[in-house]
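Colleague: Would you mind keeping the following structure in view while I ask a few things?
Just so it is clear, none of the values below were taken in a lab; they were calculated from the coordinates. The structure presented is a predicted model; accordingly, all values stated were derived computationally and were not measured. Note that each Cβ is placed from the backbone with ideal geometry, even for glycine, and that neighbours are counted across all protein chains shown.
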Amino acid sequence: MLLQKYRENKEALKQIGREALAESRRLGLPISAKDLENEAKDRAEHEQEERVPAAMRQ
């Protein structure tokens, strides 16, 4: 149960980060190299999840 809560919180924090980056871009604010790196990692993980066949997902 704690692990499930941890995963939910982790995903919620990632979503907040995505929204913050989008808002920064909209306002024309600079984005740090670390944020860009994390965004690229997140995008790569998301693309990898999409490639997994539906029958393999739980």
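Colleague: If you rank Lys14, Lys41 by fewest surrounding Cβ atoms within 10 Å, what's the result?
Modeller: Lys41, Lys14
Colleague: Now a separate question. According to the square roots a ≥ b ≥ c of the eigenvalues of the Cα gyration tensor, what is the shape class of the chain, taking rounded for a/c under 1.5, prolate for a/b larger than b/c otherwise, and oblate for the remainder?
Modeller: Numbers: a/c = 2.81, a/b = 1.61, b/c = 1.74.
Note, shape of the chain comes out oblate.
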